[in-house]
Amino acid sequence: MFLDWSRRVNRPRRIVFQGMPGAYSEQACRERFPGETYVPCKTFEDVFSMVEDGQADLGVVPVENSMAGGISDSYDLLAAHHLHIVGEYYLKISHCLLGLKDARMEDIHTVASHPQALAQCRAFIRKRGWNRNSVYDTAGAACDLAARKEIHEAAIASELCAELYGLKILLRDIQENTMNTTRFLVISRSALVAEARVPHKTSLFFEVRNIPAALYKCLGGFATNNVNLTRLESRPIPGKSWSYHFHLDFQGRPEDPHCQLALEELGFFTSNYKILGCYPESLNTLETPSDVCSS
């Protein structure tokens with residue numbers, strides 16, 4: 001039986017994310033878990049540590065972006081910590097041009113943001129001939145703009161940043177790709193108990209044995225048992241030069257008969273593997289997934 005976590009506690013849950021207030025990670029937290037307490041962390045390591053130590057109920061971390069690809073820090077920390085993935089969330093990234101309250105578009109000559117955000121808005125910036133200033137994150141650019149109060153400067157950040165830092169939205173959706181989306185995972189100390197009434201996704205990582213065609217053989221069991229893979233990411237193994245483990249997502253639950261057979265075959269060709277979590281699947285990148293619940 002799945003229970004809504006919001007009914008299991010008599011206080012707002014502490015949801016931790018990496019970045020400054022107003023970061024896209026906080027926006028994902030607010031959309032996915034409205035009405036909770038959102039706690040910024042300086043690093044991804046801090047997010048995992050706070051959840052693992054019980055200082056936070058849940059963590060929300062980005063793992064991949066539809067334009068920039070995988071986020072290596074998140075994958076490495078999933079392997080290093082003893083936490084469980086209990087949900088996923090897809091956030092559509094909408095870059096806004098932010099200025100001071102009295103700013104006008106014609107006033108602007110310099111725009112600041114994270115390098116990826118600047119790259120995703122390259123055509124917009126180039127058309128206007130503005131100078132670009134790369135900073136550590138999008139929310140940081142908004143915070144700095146509010147502190148500096150330079151009428152000729154703007155920031156590219158989220159709509160949430162405008163609200164938090166008292167800035168004006170000069171223009172919305174200035175990115176070139178309107179389908180720019182980031183996938184986030186929800187991490188917890190406790191695992192979910194999956195039930196069959198909703199589609200699920202399972203995440204795991206594995207290290208292949210040192211045999212010919214090992215990766216091919218590891219993946220073959222999923223193909224022959226008709227298990228659909230949705231993600232495969234390789235990462236270096238700390239302390240082992242030129243050795244890699246693989247993060248894999250598949251549709252289904254480990255206890256499903258066809259998934260059980262695939263995992264049995266995987267075991268033959270790996271030196272170890274670990275299931276990181278089984279959780280309700282978001283059926284498409286623009287859909288709000290089912291509630292994260294706990295048994």
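Here the extension length gained between Glu159 and Met105 equals 17.7 nm, from 0.36 nm per residue of separation less the Cα-Cα distance. Angle of helix 257-268 to the longest C-alpha principal axis of the chain, folded into 0 to 90 degrees and rounded to 10: 80°. The tail of the calculated P(r) for region 146-295, taken as Cα-Cα distances beyond 23 Å, holds 54 percent of the pairs.
Evaluated on region 96-171, the Kirkwood hydrodynamic radius is 11.7 Å, with distances taken between all distinct Cα atoms. Each 5 Å bin from zero up to the one holding the largest Cα-Cα distance in region 178-243 carries the following percent of pairs: 3, 9, 16, 20, 18, 17, 12, 4, 1.
DSSP finds beta bridges in the chain, and of those with both partners inside it, around 75 percent are antiparallel. Over all pairs of different C-alpha atoms, region 109-232 has a mean inverse distance whose reciprocal, the Kirkwood radius, equals 18.8 Å. Within region 96-171, DSSP assigns beta bridges of which about 45% are antiparallel (rounded to the nearest 5). Once both axes come from the Cα atoms, what is the angle between helix 214-224 and the longest principal axis of the chain, in degrees from 0 to 90, rounded to 10? Here the helix axis deviates by roughly 80 degrees. Taking amide H as placed 1.01 Å from N in the peptide plane, Val39 has its amide H under 5 Å from the amide H of Ile15, Val16, Phe17, each at least 5 places away in sequence or on another chain. Applying D = kT/(6 pi eta Rh) to region 200-280, where Rh is the Kirkwood radius over alpha-carbon pairs, T corresponds to 37 °C and eta to 0.692 mPa s, the Stokes-Einstein value obtained is 258 µm²/s.
Sorting the segments 228-235, 25-32, 147-154 by their residues' average number of neighbouring beta-carbon atoms within 10 angstrom, most packed first, yields 25-32, 147-154, 228-235.
Taking every pair of distinct Cα atoms and averaging 1/r, then inverting, what Kirkwood hydrodynamic radius in Å comes out for the chain? The answer is 20.6 Å. Taking amide H atoms as placed 1.01 Å from N in the peptide plane, the amide H of Ile237 lies under 5 Å from those of Ser243, Tyr244, His245, each 5 or more residues away in sequence or on another chain. A cut-off of 5 Å between modelled amide H atoms, ignoring neighbours fewer than 5 places along the same chain, links Gln175 with His95. Per-residue Karplus couplings for region 43-54, computed as 6.51 cos²θ - 1.76 cosθ + 1.60 with θ equal to phi - 60°, are listed in order as 10, 4, 4, 4, 4, 5, 5, 5, 5, 5, 7, x Hz, Gly and Pro entered as x. Which residues does a label at Leu171 reach in region 134-162, if reach means a backbone N under 13 Å from a point 7 Å past the Cα toward the Cβ? Backbone N within reach: 154-156.
With helices as the sole contributors, the chain gives -7500 deg cm²/dmol at 222 nm; each DSSP H run of n ≥ 4 counts as -39500 (n - 2.57), and the sum is divided by every residue. What you get for the chain, charging only the Cβ of Lys and Arg (+1) and of Asp and Glu (-1), is a dipole of about 360 debye around the Cα centre. Peptide packing for 119-132, 245-258 was compared via the average number of neighbouring C-beta atoms within 10 Å per residue; ordered from the highest value, the list is 245-258, 119-132.
Bear in mind that the values in this text are calculations on the coordinates, not laboratory data. Quick caveat: nothing in here was measured; it's all calculated off a predicted structure. When we count neighbours, we look across all protein chains shown, and the Cβ atoms used for this are built from the backbone with ideal geometry, even at glycine.
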